[in-house]
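A.B. asks: Mind having a look at this structure? Questions to follow.
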There are 2 protein chains.
Amino acid sequence: MTRYKAIISYDGTLFSGFQRQPGERTVQEELEKTLQRLNSGQPVIIFGAGRTDAGVHAYGQVIHFDLPQARDVEKLRFGLDTQAPEDIDVVSVEQVADDFHARYDKHNKTYEFLVDTGRPKNPMMRHYATAYPYPLDLDLMQEAIKDLVGTHDFTGFTATGTSVENKIRTITRATVEPEGRPNMLVFTFTGNGFLYKQVRNMVGTLLKIGNHRMPVSQIKTVLESRDRNLAGPTAAGNGLYLKEIIYDK
Amino acid sequence: MTRYKAIISYDGTLFSGFQRQPGERTVQEELEKTLQRLNSGQPVIIFGAGRTDAGVHAYGQVIHFDLPQARDVEKLRFGLDTQAPEDIDVVSVEQVADDFHARYDKHNKTYEFLVDTGRPKNPMMRHYATAYPYPLDLDLMQEAIKDLVGTHDFTGFTATGTSVENKIRTITRATVEPEGRPNMLVFTFTGNGFLYKQVRNMVGTLLKIGNHRMPVSQIKTVLESRDRNLAGPTAAGNGLYLKEIIYDK
């Protein structure tokens, strides 16, 4: 048995998310089907570091899986990449220790969230950025976003009813800035873990602050109160990207 | 009768091109249907400056059309933009002189062509850039592309059998450079007119030069010989963008 770690990217538009669900097209199922073909028809289970939702994209999702034999990793990458559906790409494959676990090994994740502030929006980006065609005060968002950095109880920014018990996470980077292309803003968050819908709820709250419909102190209020009702709406998934995952050594 | 000029952008992926064709989904037909709804059910004909092919995108296509009455142009823009399909956006609408003609009035067009050189390609860009996962020498392409600037007979770069008689055009800008995003190159061409498939054939030739499969002098050879067989293959339409149209005053 040999364990492999792979970095994959995908366009989330036509997927019902990463995780296998009966009757739905998922990244996990498509990759498992591709791996099974490359494994003489024997099933292969993959484990992903992050379970992205429907419509959410990835540049740097990490998965691991086991194959019965050692393979040339570049040939394996090429075979997987060319045989997987065209909305999944396999960036790299490497052999790892048998106890490596994409999900449970300690890591930091970086998410990006793209917002199209154009009026009208960019039609080429309609699946790849969330349209927000309203006035936005970038300075206010840049001030408020700093309050997310640090170790906090993020209960107020996760979906109510989330089963995870410990809602304390550490964010080491939280920024918002022009992305480079016209009318595009990019939010970037790096941390040791994110709760269900946390990034989208943080972005939804920051957009309300930027649009002067919540005070700049609202991030602190939500963190302290742990009250989901005080946060903004969940921003749409089409702007969200799982950008990079860095494992602790 | 009032004449309007509009700048529109569209994602060409799901269109069989700009120009109306029986049984096909085209930008012209979708916009004419939208205008008809806004014109009390009376048909409206639109004229586009450039007839983009299937899969080709636009940020700055220009159209004109007539309506029986004067309208508030921002309300008209908003109505068109919101009622048109989501892969067409209406950037601006203005009232123009009754003799303005989007196609026949003298203008300069700028086209961009995006190439994804990544191995693997970026899955988010698979409809928005042409994948070229082979070695490319940017310096060679930058040297060769200069030969396109000026007034030339572009017969060798158009589709054989094109019915247009005069194949002399002037290119005032021709550049290729990194686009900003990882592994993305952008070709930019500005000129007073482009023949059918000219941009895609120029790009196809430049990529062959960059990949060392044609000499750097090949652009000159194709221009002088006017022989389509000496040019490279037609690059795919998904990397091509009609970027901007500037009318002479």
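A.B. asks: Answer yes if at least one residue in the stretch A:43-65 is in a helix (DSSP H, G or I), under 20 Å from the mean Cα position of the chain (by Cα) and surrounded by fewer than 18 Cβ atoms within 10 Å (Cβ to Cβ), and no otherwise.
C.D. replies: No.
One line per residue, one yes/no per condition, for (1) in contact with a strand residue (DSSP E or B) (Cβ under 7 Å, 6 or more places away or on another chain); (2) assigned to a loop (DSSP other than H, G, I, E, B):
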position	(1), (2)
A:Thr205	no, no
A:Ile219	no, no
A:Ala235	yes, yes
A:Glu244	yes, no
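A.B. asks: Within the stretch A:1-13, work out how many residues are of a type in the set (Ser, Thr, Tyr) and either surrounded by fewer than 20 Cβ atoms within 10 Å (Cβ to Cβ) or away from chain B (no Cβ under 14 Å) (or both).
C.D. replies: Total satisfying the criteria: 3.
A.B. asks: Residues in the stretch B:192-228 that are at positive phi and under 23 Å from the mean Cα position of the chain (by Cα): how many?
C.D. replies: Result for the stretch B:192-228: 3.
A.B. asks: Let me ask something else about it. Please determine whether any residue of the stretch A:119-127 is touching a helix residue (DSSP H, G or I) at 6+ places or on another chain (Cβ under 8 Å), crowded, with 19+ Cβ neighbours inside 10 Å and at pLDDT below 95.
C.D. replies: Yes, the stretch A:119-127 contains a residue that is touching a helix residue (DSSP H, G or I) at 6+ places or on another chain (Cβ under 8 Å), crowded, with 19+ Cβ neighbours inside 10 Å and at pLDDT below 95.
A.B. asks: For the structure I just gave you, tell me whether A:Ala102 is modelled with pLDDT under 95, assigned to a loop (DSSP other than H, G, I, E, B) and not assigned by TED's automatic domain parsing to the domain that holds A:Thr130.
C.D. replies: Considered against the rule, which asks whether it is modelled with pLDDT under 95, assigned to a loop (DSSP other than H, G, I, E, B) and not assigned by TED's automatic domain parsing to the domain that holds A:Thr130, A:Ala102 comes out as no.
A.B. asks: Moving on. Pull up the stretch B:84-95, narrow it to residues that are crowded, with 21+ Cβ neighbours inside 10 Å and touching a Lys or Arg at 6+ places or on another chain (Cβ under 8 Å), then point me to the one that is nearest to the other protein chains (Cβ to nearest Cβ).
C.D. replies: Of everything passing the filter in the stretch B:84-95, B:Asp89 is nearest to the other protein chains (Cβ to nearest Cβ).
A.B. asks: Is it true that some residue in the stretch A:164-176 is of a type in the set (D, E, K, R) and part of a strand (DSSP E or B)?
C.D. replies: yes
A.B. asks: Now a separate question. Out of the residues in the stretch B:14-33 that are in contact (Cβ under 8 Å) with a residue 40 or more places away in the chain and closer than 13 Å to B:Gly50 by Cα, state the one that is surrounded by the fewest Cβ atoms within 10 Å (Cβ to Cβ).
C.D. replies: By that ranking, first place goes to B:Phe18.
A.B. asks: Taking B:Glu177 as meeting all but one of (1) farther than 16 Å from B:Tyr132 by Cα; (2) surrounded by fewer than 18 Cβ atoms within 10 Å (Cβ to Cβ), write down the number of the exception.
C.D. replies: Going through the list (1) farther than 16 Å from B:Tyr132 by Cα; (2) surrounded by fewer than 18 Cβ atoms within 10 Å (Cβ to Cβ), B:Glu177 breaks only (1).
A.B. asks: Checking A:Asp98 against (1) closer than 28 Å to A:Pro182 by Cβ; (2) acidic (Asp, Glu); (3) more than 12 Å from every other protein chain (Cβ to nearest Cβ), which test does it fail?
C.D. replies: Single failed check for A:Asp98: (1).
A.B. asks: Of all residues in the stretch B:105-129, count the ones that are within 14 Å of chain A (Cβ to nearest Cβ), over 16 Å from B:Gly60 (Cβ atoms) and not in a loop (DSSP other than H, G, I, E, B).
C.D. replies: Summing the residues that are within 14 Å of chain A (Cβ to nearest Cβ), over 16 Å from B:Gly60 (Cβ atoms) and not in a loop (DSSP other than H, G, I, E, B) in the stretch B:105-129 gives 4.
A.B. asks: For the subset of the stretch A:19-42 comprising residues that are assigned to a loop (DSSP other than H, G, I, E, B) and not polar (S, T, N, Q), which member is nearest to the other protein chains (Cβ to nearest Cβ)?
C.D. replies: Once the filter is applied, the top-ranked residue is A:Arg25.
A.B. asks: Still on this structure: Please name all residue pairs, on different chains or six or more residues apart, with Cβ atoms under 7 Å, provided the first residue is in the stretch A:224-249 and is under 19 Å from A:Arg213 (Cα atoms) and touching a residue at least 24 places away in the same chain (Cβ under 8 Å) and the second residue is of a type in the set (Ser, Thr, Tyr) and loosely packed, with under 13 Cβ neighbours inside 10 Å.
C.D. replies: A:Arg228/A:Thr160
A.B. asks: Another question, then. Does the stretch A:49-83 hold any residues that are of a type outside the set (Val, Ile, Thr), within 13 Å of chain B (Cβ to nearest Cβ) and within 25 Å of A:Ala236 (Cβ to Cβ), and which are they?
C.D. replies: A:Gly55, A:His57, A:Ala58, A:Tyr59, A:Gly60, A:Gln61
The values are calculated or read from the model by the stated rules, or taken from the named source; none is laboratory data. This is a predicted model, so every value here is computed, not measured. Counting neighbours? That spans all protein chains shown, and the Cβs are built from the backbone with ideal geometry, glycine included.
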